[in-house]
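Accompanying notes for the structure given below.
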Amino acid sequence: MTLKEQIKNYVPFDEQEEKDKVQFLKFIDTFDNVLTRENIFGHITSSAFVVNKERTKMLVVYHIIDDGWIYPGGHADGEEDLLSVALREVEEETGLKPKVLDNSIFSIQSGPVIGHIKRGKYVSAHIHYDVIYLMEADDKIPLKYKKDESKGVKWIPFENAMDFSICNYARPIHKN
């Protein structure tokens, strides 16, 4: 199934996701190069909502550019298998090897990225169109993080999730 078909078939949780789905599909219909960073208007990304075995905590990474806690994830960079992208990003950003709980899309969201310097070059402001998958990992395994992308990684309890500096465009999917 193509990415467009997956997004079309996705049933939104709320009004935010309904509007993000419309925007996501319009982005895919408008541009040919949606899976690469060459598109100056937006990038498709893939993230993982990683929970512990007891389903009481979620894994977050402190993203330098967004200046806040967010789900581990990254750019598609040409790969249409966004589940594979999310799995790889969790491992790269946290050191964990998560278990996929569902191969289907768990959530979608779009969010602004401010203009910034990346590897010595300026990247203009754009939108990230993020596909999120549900995964599980052991919260007893020591975490590690990439210092060039993040200021840290940690588990936070669901009941305290909104007390942390969660990026404001991140949908509070821990409530689902």
Please verify whether segment 32-49 includes one or more residues that are under 30 Å from residue 140 (Cα atoms) and among the aliphatic types (A, V, I, L, M).
yes
Single condition residue 23 does not satisfy, out of (1) outside any loop (DSSP other than H, G, I, E, B); (2) polar (S, T, N, Q); (3) more than 25 Å from residue 136 (Cβ to Cβ); (4) at pLDDT below 95:
(4)
Name the residue, out of 125, 86, that is under 17 Å from residue 3 (Cα atoms) and free of Cβ contacts under 8 Å to residues at least 60 places away in the same chain.
86
When (1) modelled with pLDDT under 95; (2) aromatic (Phe, Trp, Tyr); (3) in contact with a Leu (Cβ under 7 Å, 6 or more places away or on another chain) are applied to residue 158, the one that fails is (3)
Here the residues within segment 58-74 that are closer than 11 Å to residue 130 by Cβ, buried (at least 24 other Cβ atoms within 10 Å of the Cβ) and in contact (Cβ under 8 Å) with a residue 60 or more places away in the chain are 71
So in segment 1-19, with the set limited to residues that are more than 19 Å from residue 80 (Cα to Cα) and acidic (Asp, Glu), which one is nearest to the chain's Cα centre (by Cα)?
17
Any residue at all in segment 28-42 that's part of a helix (DSSP H, G or I) and either out of contact with any helix residue (DSSP H, G or I) (no Cβ under 9 Å at 6 or more places or on another chain) or surrounded by 14 or more Cβ atoms within 10 Å (Cβ to Cβ) (or both)?
yes
Can you work out which of the residues in segment 20-54 that are basic (Lys, Arg) and in contact (Cβ under 8 Å) with a residue 24 or more places away in the chain is nearest to residue 151 (Cα to Cα)?
37
Specify which of the listed residues (110, 150, 165) is modelled with pLDDT under 95, under 30 Å from residue 1 (Cβ atoms) and either surrounded by 15 or more Cβ atoms within 10 Å (Cβ to Cβ) or hydroxyl-bearing (Ser, Thr, Tyr) (or both).
110
Would you mind listing the strands (runs of 3 or more DSSP E) fully within segment 62-153 where at least 2 residues are among the β-branched types (Val, Ile, Thr) and within 14 Å of residue 49 (Cβ to Cβ)?
126-136
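The values are calculated or read from the model by the stated rules, or taken from the named source; none is laboratory data. A quick note: this is a predicted structure, and the numbers were derived from the prediction, not measured. Neighbour counts run over all protein chains shown; Cβ positions are idealised from the backbone, glycine included.
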